[in-house]
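The values are calculated or read from the model by the stated rules, or taken from the named source; none is laboratory data. None of the values given here were measured: they were computed from a predicted structure. In this analysis, Cβ positions are derived from the backbone assuming ideal geometry, glycine residues included, and neighbour counts consider all displayed protein chains.
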Amino acid sequence: MKNILYIGNKLASQGRTATTIDTLGPLLQKEGFNLRYASSIKNISRRMLHMMRMTYVNRNWAHVMLIDTYSTKNFWYAITISRICRSLKIKYIPILHGGDLPKRIIKNPKALNAYLKNAYQVVSPSDYLISAFAKAGYHNLTKINNFIELENYPYQRREIKTPKLLWVRSFAQIYNPEMAIKVFKLIKEKYPEATLTMVGPEKDGSLEKCKMLAEILQLQIDFTGLLSKSQWIELSKNHNIFINTTRFDNLPVSLIEAMALGLPVVSTDVGGISYLIENDKNGKLIPDNNVSEMVTAINDLIEQPSHYQQITNNARETATFYSWSLVRQQWNGLLQS
């Protein structure tokens, strides 16, 4: 069975949100692959050094490397590690995550070209990134969906009378958490009993800004901090609408999770989200950073309970296509080839 060195931000043990390396890696191990990881070190400079060291130390052990690839500053660890891979003749597979990655085609064309064109294969979880990179001339692209273990997400039929909003993401500027609070302010004017719960860890100071904004607007919001999957799934039972305010995204797992649970998603239409959600069929899409449109979409769901139920039914059906029981076959096919 193949040996795999997986490079990414494996920081769930450090109080950060779990990423693909935290979920995909253990499932590949259950499939029989041998995995080693880098890195769980919190300090970004030390984490980079650990990734470099692990690449060199495992040069004769690893048959292939998986590299989680993001669009912000973590883009550069992927570039650096791939250069080492090429010098040591190690096969590597980038897994594209960052919703803003297409901008790197223009911003860093040489680095990106060397990275992707020398890859054994390039994996993307969304047609959004597949399309963007295919148009730029890249052809070694494979779509493998993001995934959930569907059996862990029980579908719940919900009543919609008073909006009970749920937001789940890291508190970071790119996810625009303050928009959720502004939306909630307007929802409260029509539905005084409405609630908002915001789940996720602090990342760049945005959590404190949100708490200050809530205080200024005199809103009672439940900021839970980071919760485990099982904790927020349990919490979701007391909510009836999932809102997503991100400004850049690819195909977030949190939306698939919400859809599987029977929560209708109201999301900004950015990045690859429209490849997952079809407006008014299995969710609601609104323009980026448009508070009034999100309020209107939420009101529509409350005022049309039959449409609400139809959307949640369709959303659950969509989520079944992202079950690990299906996606595992694609990973096995790629890694065994």
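Within region 101-116, does at least one residue satisfy the condition of being closer than 20 Å to residue 273 by Cα and touching a residue at least 60 places away in the same chain (Cβ under 8 Å)?
yes
So that you can scan it fast, the table gives a plain yes or no per residue for (1) polar (S, T, N, Q); (2) in contact with a Ser or Thr (Cβ under 8 Å, 6 or more places away or on another chain); (3) at pLDDT below 95:
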residue: 56; (1), (2), (3): no, no, no
residue: 64; (1), (2), (3): no, no, no
residue: 87; (1), (2), (3): yes, no, no
residue: 90; (1), (2), (3): no, yes, no
residue: 95; (1), (2), (3): no, yes, no
residue: 98; (1), (2), (3): no, yes, yes
residue: 113; (1), (2), (3): yes, no, no
residue: 127; (1), (2), (3): no, no, yes
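Kindly evaluate residue 72 against the criterion of being crowded, with 21+ Cβ neighbours inside 10 Å and either at pLDDT below 95 or under 16 Å from residue 39 (Cβ atoms) (or both).
Considered against the rule, which asks whether it is crowded, with 21+ Cβ neighbours inside 10 Å and either at pLDDT below 95 or under 16 Å from residue 39 (Cβ atoms) (or both), residue 72 comes out as no.
Kindly state which helices (runs of 4 or more DSSP H) lie completely within region 1-97 and contain at least 3 residues that are free of Cβ contacts under 8 Å to residues at least 40 places away in the same chain and among the charged types (D, E, K, R). Steps first, please.
Numbers: elements: 20-30, 44-57, 75-88.
Helices (runs of 4 or more DSSP H) meeting the threshold: 44-57.
In region 34-46, what count of residues is obtained for those that are within 18 Å of residue 79 (Cβ to Cβ) and either modelled with pLDDT of 95 or more or among the small types (Gly, Ala, Ser) (or both)?
Here the count works out to 3.
Is there any pair linking a residue in region 131-147 that is closer than 12 Å to residue 330 by Cβ to one that is surrounded by 15 or more Cβ atoms within 10 Å (Cβ to Cβ) and of a type in the set (Gly, Ala, Ser), with Cβ under 7 Å and at least six apart or on different chains, and which?
From residues that are closer than 12 Å to residue 330 by Cβ, the pairs are 143/124; 147/323.
In region 233-252, which residue that is surrounded by 21 or more Cβ atoms within 10 Å (Cβ to Cβ) and among the hydrophobic types (A, V, I, L, M, F, W, C) is farthest from residue 20 (Cα to Cα)?
Restricting to residues being surrounded by 21 or more Cβ atoms within 10 Å (Cβ to Cβ) and among the hydrophobic types (A, V, I, L, M, F, W, C), the top hit is 241.
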